[in-house]
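Asker: Structure in C-alpha coordinates, see below.
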Amino acid sequence: MTGDPKMRPNRHDLGRVFNEVPELYDRVRPGYPDELFADLGAVTSMDEQSSVLEVGCGTGQATRSLAALGCSVTAVEPGADMAALARHRIASFRNVEVETSTFEEWDNRGRRFDVLVAASSWHWVDPSIGWQRAHDMLHPGGWMALLGHVVVRRPGEPEVYAETADLHERFCPGNPDWGHPPLEEDVRGTDEGWGLVDDPGELFGPTIVAQRS
(Lines give C-alpha, C1' and ligand atoms only; values in the text may rest on other atoms or scores of the structure.)
Protein backbone atom coordinates (compact mmCIF):
# COMPACT_ATOMS: atom_id res chain seq x y z
CA MET A 1 0.00 0.00 0.00
CA THR A 2 1.08 3.58 -0.50
CA GLY A 3 1.12 6.59 1.77
CA ASP A 4 2.01 6.97 5.43
CA PRO A 5 1.93 3.52 7.10
CA LYS A 6 0.44 5.10 10.23
CA MET A 7 -2.55 6.29 8.18
CA ARG A 8 -3.34 2.94 6.56
CA PRO A 9 -6.38 1.14 7.97
CA ASN A 10 -5.79 -2.47 8.97
CA ARG A 11 -8.32 -5.28 8.69
CA HIS A 12 -9.30 -5.10 12.35
CA ASP A 13 -9.93 -1.33 12.23
CA LEU A 14 -12.12 -1.70 9.14
CA GLY A 15 -14.02 -4.58 10.72
CA ARG A 16 -14.82 -2.50 13.79
CA VAL A 17 -16.46 0.13 11.57
CA PHE A 18 -19.13 -2.38 10.52
CA ASN A 19 -19.69 -3.44 14.13
CA GLU A 20 -20.49 0.17 15.05
CA VAL A 21 -23.43 0.32 12.61
CA PRO A 22 -24.88 -3.22 12.49
CA GLU A 23 -28.41 -2.19 11.50
CA LEU A 24 -27.15 -0.08 8.60
CA TYR A 25 -24.82 -2.88 7.52
CA ASP A 26 -27.67 -5.38 7.60
CA ARG A 27 -29.91 -3.08 5.57
CA VAL A 28 -27.51 -2.25 2.73
CA ARG A 29 -25.38 -5.40 2.51
CA PRO A 30 -26.41 -7.52 -0.52
CA GLY A 31 -27.93 -10.86 0.41
CA TYR A 32 -27.41 -14.26 -1.19
CA PRO A 33 -29.78 -16.07 -3.57
CA ASP A 34 -31.52 -19.22 -2.33
CA GLU A 35 -30.12 -21.09 -5.32
CA LEU A 36 -26.61 -20.59 -3.96
CA PHE A 37 -27.43 -22.54 -0.81
CA ALA A 38 -29.22 -25.19 -2.83
CA ASP A 39 -25.99 -25.60 -4.80
CA LEU A 40 -23.99 -25.71 -1.56
CA GLY A 41 -26.23 -28.42 -0.17
CA ALA A 42 -25.95 -30.46 -3.37
CA VAL A 43 -22.16 -30.23 -3.55
CA THR A 44 -21.48 -30.96 0.12
CA SER A 45 -24.43 -33.33 0.71
CA MET A 46 -25.49 -31.26 3.74
CA ASP A 47 -28.62 -32.47 5.49
CA GLU A 48 -30.26 -32.29 8.91
CA GLN A 49 -27.51 -34.47 10.36
CA SER A 50 -24.70 -32.15 9.20
CA SER A 51 -22.78 -29.72 11.38
CA VAL A 52 -21.76 -26.36 9.91
CA LEU A 53 -19.28 -23.80 11.20
CA GLU A 54 -19.85 -20.29 9.84
CA VAL A 55 -16.88 -17.93 10.13
CA GLY A 56 -17.73 -14.23 10.41
CA CYS A 57 -21.51 -14.43 10.32
CA GLY A 58 -22.00 -10.66 10.54
CA THR A 59 -25.68 -9.92 11.11
CA GLY A 60 -26.74 -13.43 10.11
CA GLN A 61 -27.67 -13.00 6.47
CA ALA A 62 -26.13 -16.27 5.31
CA THR A 63 -26.78 -17.86 8.71
CA ARG A 64 -30.53 -17.79 8.16
CA SER A 65 -30.18 -19.57 4.83
CA LEU A 66 -27.87 -22.20 6.32
CA ALA A 67 -30.26 -22.79 9.21
CA ALA A 68 -33.16 -23.18 6.77
CA LEU A 69 -31.37 -26.22 5.31
CA GLY A 70 -31.98 -27.93 8.65
CA CYS A 71 -28.34 -28.52 9.57
CA SER A 72 -26.78 -27.56 12.92
CA VAL A 73 -24.99 -24.20 12.61
CA THR A 74 -22.35 -22.74 14.90
CA ALA A 75 -21.66 -19.15 13.84
CA VAL A 76 -18.61 -17.18 15.00
CA GLU A 77 -18.60 -13.37 14.82
CA PRO A 78 -15.97 -11.05 16.37
CA GLY A 79 -18.20 -7.96 16.54
CA ALA A 80 -20.36 -8.00 19.68
CA ASP A 81 -23.05 -5.73 18.20
CA MET A 82 -23.11 -7.65 14.92
CA ALA A 83 -23.38 -10.94 16.82
CA ALA A 84 -26.24 -9.56 18.94
CA LEU A 85 -28.19 -8.57 15.83
CA ALA A 86 -27.49 -11.98 14.28
CA ARG A 87 -28.91 -13.70 17.37
CA HIS A 88 -32.03 -11.56 17.05
CA ARG A 89 -32.36 -12.30 13.33
CA ILE A 90 -32.12 -16.07 13.78
CA ALA A 91 -34.06 -16.31 17.06
CA SER A 92 -36.75 -18.46 15.43
CA PHE A 93 -34.22 -21.19 14.59
CA ARG A 94 -33.33 -23.70 17.28
CA ASN A 95 -30.45 -25.22 15.33
CA VAL A 96 -28.14 -22.16 15.42
CA GLU A 97 -25.70 -20.88 18.02
CA VAL A 98 -23.82 -17.58 17.64
CA GLU A 99 -20.55 -17.16 19.55
CA THR A 100 -18.62 -13.89 19.82
CA SER A 101 -14.95 -14.30 18.92
CA THR A 102 -12.45 -13.98 16.11
CA PHE A 103 -11.94 -17.23 14.25
CA GLU A 104 -8.24 -17.15 15.07
CA GLU A 105 -8.92 -17.08 18.83
CA TRP A 106 -12.17 -19.05 18.97
CA ASP A 107 -12.27 -22.02 21.34
CA ASN A 108 -13.93 -24.85 19.44
CA ARG A 109 -13.82 -27.04 22.55
CA GLY A 110 -12.66 -29.98 20.51
CA ARG A 111 -15.57 -29.86 18.09
CA ARG A 112 -15.24 -30.81 14.43
CA PHE A 113 -17.60 -29.90 11.59
CA ASP A 114 -18.76 -31.29 8.27
CA VAL A 115 -18.73 -27.95 6.45
CA LEU A 116 -17.05 -24.60 7.12
CA VAL A 117 -18.71 -21.60 5.44
CA ALA A 118 -17.38 -18.05 5.19
CA ALA A 119 -19.74 -15.63 3.44
CA SER A 120 -17.90 -12.45 2.39
CA SER A 121 -15.73 -12.80 5.49
CA TRP A 122 -12.68 -14.95 4.86
CA HIS A 123 -10.56 -11.92 3.88
CA TRP A 124 -10.81 -10.74 7.51
CA VAL A 125 -9.05 -13.90 8.73
CA ASP A 126 -5.26 -13.99 9.09
CA PRO A 127 -4.24 -16.48 6.37
CA SER A 128 -1.19 -17.61 8.33
CA ILE A 129 -3.60 -19.00 10.94
CA GLY A 130 -6.92 -19.39 9.18
CA TRP A 131 -6.25 -22.04 6.57
CA GLN A 132 -4.71 -24.51 8.99
CA ARG A 133 -7.41 -23.88 11.63
CA ALA A 134 -10.11 -24.40 9.03
CA HIS A 135 -8.54 -27.68 7.98
CA ASP A 136 -8.14 -28.86 11.56
CA MET A 137 -11.78 -28.09 12.48
CA LEU A 138 -13.24 -30.21 9.70
CA HIS A 139 -14.02 -33.90 9.81
CA PRO A 140 -12.05 -35.98 7.30
CA GLY A 141 -13.69 -35.39 3.93
CA GLY A 142 -15.24 -32.13 5.13
CA TRP A 143 -15.84 -29.10 2.94
CA MET A 144 -14.80 -25.45 3.08
CA ALA A 145 -17.05 -23.03 1.19
CA LEU A 146 -16.18 -19.38 0.49
CA LEU A 147 -19.23 -17.37 -0.57
CA GLY A 148 -19.19 -13.79 -1.78
CA HIS A 149 -20.19 -11.18 -4.29
CA VAL A 150 -18.25 -10.31 -7.43
CA VAL A 151 -18.50 -6.77 -8.79
CA VAL A 152 -18.82 -6.91 -12.57
CA ARG A 153 -19.74 -4.55 -15.37
CA ARG A 154 -21.55 -5.02 -18.64
CA PRO A 155 -20.38 -3.51 -21.95
CA GLY A 156 -21.53 0.07 -22.27
CA GLU A 157 -22.28 0.56 -18.59
CA PRO A 158 -20.82 3.68 -16.97
CA GLU A 159 -17.94 2.74 -14.70
CA VAL A 160 -19.31 4.09 -11.43
CA TYR A 161 -16.40 2.63 -9.51
CA ALA A 162 -13.94 4.49 -11.70
CA GLU A 163 -15.78 7.73 -10.98
CA THR A 164 -15.26 7.22 -7.24
CA ALA A 165 -11.70 5.88 -7.43
CA ASP A 166 -10.31 9.13 -5.99
CA LEU A 167 -12.44 8.73 -2.85
CA HIS A 168 -11.35 5.14 -2.41
CA GLU A 169 -7.70 6.08 -2.79
CA ARG A 170 -8.15 8.86 -0.27
CA PHE A 171 -9.77 6.75 2.45
CA CYS A 172 -8.29 3.33 1.65
CA PRO A 173 -5.14 3.87 -0.41
CA GLY A 174 -3.15 1.29 -2.25
CA ASN A 175 -5.75 -0.66 -4.25
CA PRO A 176 -4.88 -0.02 -7.92
CA ASP A 177 -7.66 -2.30 -9.22
CA TRP A 178 -10.42 -0.13 -7.76
CA GLY A 179 -12.56 1.35 -10.53
CA HIS A 180 -11.89 -1.42 -13.02
CA PRO A 181 -14.26 -4.32 -12.32
CA PRO A 182 -14.08 -7.20 -14.81
CA LEU A 183 -16.65 -7.75 -17.50
CA GLU A 184 -19.44 -10.12 -16.51
CA GLU A 185 -18.70 -12.45 -19.43
CA ASP A 186 -15.06 -12.71 -18.35
CA VAL A 187 -16.05 -13.69 -14.80
CA ARG A 188 -18.58 -16.28 -15.96
CA GLY A 189 -16.06 -17.72 -18.40
CA THR A 190 -13.49 -18.73 -15.79
CA ASP A 191 -13.22 -21.72 -13.48
CA GLU A 192 -10.30 -20.33 -11.52
CA GLY A 193 -12.29 -18.91 -8.63
CA TRP A 194 -12.60 -15.25 -7.74
CA GLY A 195 -11.29 -12.56 -5.45
CA LEU A 196 -8.03 -12.10 -3.61
CA VAL A 197 -7.81 -15.33 -1.65
CA ASP A 198 -4.45 -16.48 -0.34
CA ASP A 199 -3.23 -19.91 -1.41
CA PRO A 200 -4.10 -22.61 1.17
CA GLY A 201 -1.34 -24.84 -0.18
CA GLU A 202 -2.15 -28.55 -0.21
CA LEU A 203 -4.53 -28.51 2.76
CA PHE A 204 -7.63 -28.84 0.56
CA GLY A 205 -8.57 -30.60 -2.64
CA PRO A 206 -9.51 -29.08 -6.01
CA THR A 207 -11.72 -25.99 -6.02
CA ILE A 208 -15.29 -26.14 -7.29
CA VAL A 209 -16.60 -22.79 -8.56
CA ALA A 210 -20.34 -22.08 -8.77
CA GLN A 211 -21.98 -18.78 -9.70
CA ARG A 212 -25.49 -17.49 -9.11
CA SER A 213 -27.03 -14.07 -9.70
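The values are calculated or read from the model by the stated rules, or taken from the named source; none is laboratory data. Just so you know, these numbers come straight off a predicted model, no measurement behind them. Ideal geometry is used to build each Cβ from the backbone, glycine not excepted, and the neighbour counts take in all protein chains shown. Heads up: the accessible areas ignore ligands, DNA and RNA and are worked out on the full protein's heavy atoms, side chains in. Shrake-Rupley method; radii C 1.70, N 1.55, O 1.52, S 1.80 Å.
Asker: Spot the failing condition for Arg8; the list is (1) at pLDDT 65 or above; (2) of a type in the set (Lys, Arg); (3) more than 21 Å from Ala83 (Cβ to Cβ), and only one is missed.
Answerer: All conditions pass for Arg8, except number (1).
Asker: Right, here's the next one. Can you find a residue that is over 19 Å from the mean Cα position of the chain (by Cα), modelled with pLDDT under 85 and open to solvent by less than 70 Å² (accessible area, probe 1.4 Å) anywhere in the stretch 137-151?
Answerer: The answer is no, given that none of the residues of the stretch 137-151 is over 19 Å from the mean Cα position of the chain (by Cα), modelled with pLDDT under 85 and open to solvent by less than 70 Å² (accessible area, probe 1.4 Å).
Asker: Right, another one. Can you name the number of the only condition in (1) surrounded by 11 or more Cβ atoms within 10 Å (Cβ to Cβ); (2) at pLDDT 65 or above; (3) more than 15 Å from the chain's Cα centre (by Cα) that Thr63 fails?
Answerer: (3) is the only condition that Thr63 fails.
Asker: Also: Listed residues Asp81, Asp107, Asp114; which is open to solvent by 20 Å² or more (accessible area, probe 1.4 Å) and part of a strand (DSSP E or B)?
Answerer: Result: Asp114 is the single residue among Asp81, Asp107, Asp114 that is open to solvent by 20 Å² or more (accessible area, probe 1.4 Å) and part of a strand (DSSP E or B).
Asker: Right, something else. Quick one: Thr74 ticks every box in (1) open to solvent by 60 Å² or more (accessible area, probe 1.4 Å); (2) out of contact with any helix residue (DSSP H, G or I) (no Cβ under 9 Å at 6 or more places or on another chain); (3) among the β-branched types (Val, Ile, Thr) bar one, so which box is it?
Answerer: (1)
Asker: Going residue by residue through the stretch 88-98, is there one that turns out to be in a loop (DSSP other than H, G, I, E, B), touching a Cys at 6+ places or on another chain (Cβ under 8 Å), at pLDDT below 95 and open to solvent by less than 20 Å² (accessible area, probe 1.4 Å)?
Answerer: Scanning the stretch 88-98, I find no residue that is in a loop (DSSP other than H, G, I, E, B), touching a Cys at 6+ places or on another chain (Cβ under 8 Å), at pLDDT below 95 and open to solvent by less than 20 Å² (accessible area, probe 1.4 Å), so the answer is no.
Asker: Return yes or no: is Thr102 in contact with a Leu (Cβ under 7 Å, 6 or more places away or on another chain) and outside any helix (DSSP H, G or I)?
Answerer: Criteria not met by Thr102.
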